[in-house]
Amino acid sequence: MAAVAKQKYTNEEIKARLVFMVGLGLTCSFLFSVMAILYGLLFVVQPMEQAPNDSAGWSVLSSMLLTLSGGLIGLLAGNGLKDKQPPPPTP
């Protein structure tokens, strides 16, 4: 069998893959959290009075969602900053 030579990734390609994977992870956890909150609000029977544990859980989830959304926005905003290309060599 012939060995296939793999091309070495450039720094920009590695950075793009890293940003994609981090963004995908943050997006999945953000969507899962939102779906869990919506499921809890819509399909779980709640008593008339809110328990202290439920109140603490909601505050933790809301803080976590704010952090995740801020991280996603920062990741997407920072992705627009590209590395400076070196000037072309002069002949």
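Test LEU61 against the criterion of being under 21 Å from THR27 (Cα atoms), in contact with a Leu (Cβ under 9 Å, 6 or more places away or on another chain) and part of a helix (DSSP H, G or I), and give yes or no. When the stated conditions are applied, LEU61 does not pass them.
Restricting the stretch 8-35 to residues that are of a type in the set (Val, Ile, Thr), in a helix (DSSP H, G or I) and more than 13 Å from GLY71 (Cβ to Cβ) leaves a set whose member that is modelled with the lowest pLDDT is VAL34.
The values are calculated or read from the model by the stated rules, or taken from the named source; none is laboratory data. Please read these numbers as outputs of a predicted model, since none were measured by experiment. Using ideal geometry, Cβ is built from the backbone for each residue, glycine included, and neighbour counts are taken over all protein chains shown.
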